[in-house]
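Some notes on the structure that comes next.
The values are calculated or read from the model by the stated rules, or taken from the named source; none is laboratory data. These figures come from a predicted structure and were not determined experimentally. Cβ atoms come from the backbone with ideal geometry, glycine included; neighbour counts cover every protein chain shown.
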Amino acid sequence: MAYFVYIIESVKDGTYYIGSTQDIEERLQRHNQGRSKYTRTKQPWKLIYVEEYKDRTAAIKKELVIKQRKSKDYIKKLVRASRQA
């Protein structure tokens with residue numbers, strides 16, 4: 001089963017959240033229903049980036065790479081590149 005790395009952006013304040021999941025739609029819904037502790041206060045969220053991986057390990061590795069960069073510029077580049085593809 002496929003796994004996904006995703007980035008969502010808070011419509012409220014422009015904050016980014018990076019995560020991984022098997023079900024993008026369900027996960028976004030959880031974020032927007034306030035069922036995720038970190039994202040609860042920054043609703044609503046919009047999906048801005050998705051990347052598919054064949055297994056959970058690969059998805060988590062990519063998620064950690066993005067998080068370790070801690071750079072809005074890096075995230076913006078990822079988003080721009082994915083929209084041009």
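Can you tell me which residue in the stretch 18-40 is farthest from Lys76 (Cα to Cα), limited to those that are among the hydroxyl-bearing types (Ser, Thr, Tyr) and at pLDDT below 95?
Ser36
Lys62 meets the stated requirement of being more than 9 Å from the chain's Cα centre (by Cα), at pLDDT 95 or above and closer than 22 Å to Ala81 by Cβ. Of the residues making up the stretch 43-66, those that are in contact with a helix residue (DSSP H, G or I) (Cβ under 9 Å, 6 or more places away or on another chain) and not acidic (Asp, Glu) number 10. Residues of the stretch 59-85 that are in contact (Cβ under 8 Å) with a residue 12 or more places away in the chain and not basic (Lys, Arg): Ala59, Ile60, Glu63, Ile66, Ile75, Leu78, Val79, Ser82. Taken over the stretch 59-85, the criterion of being more than 13 Å from Tyr16 (Cα to Cα), surrounded by 13 or more Cβ atoms within 10 Å (Cβ to Cβ) and among the hydrophobic types (A, V, I, L, M, F, W, C) is satisfied by Ala59, Ile60, Leu64. The selection criterion, being polar (S, T, N, Q) and out of contact with any Lys or Arg (no Cβ under 9 Å at 6 or more places or on another chain), holds for Gln84.
Residues in the stretch 13-58 that are in a helix (DSSP H, G or I), free of Cβ contacts under 8 Å to residues at least 40 places away in the same chain and surrounded by 14 or more Cβ atoms within 10 Å (Cβ to Cβ): Ile24, Arg27, Leu28, Arg30, His31, Asn32, Lys42.
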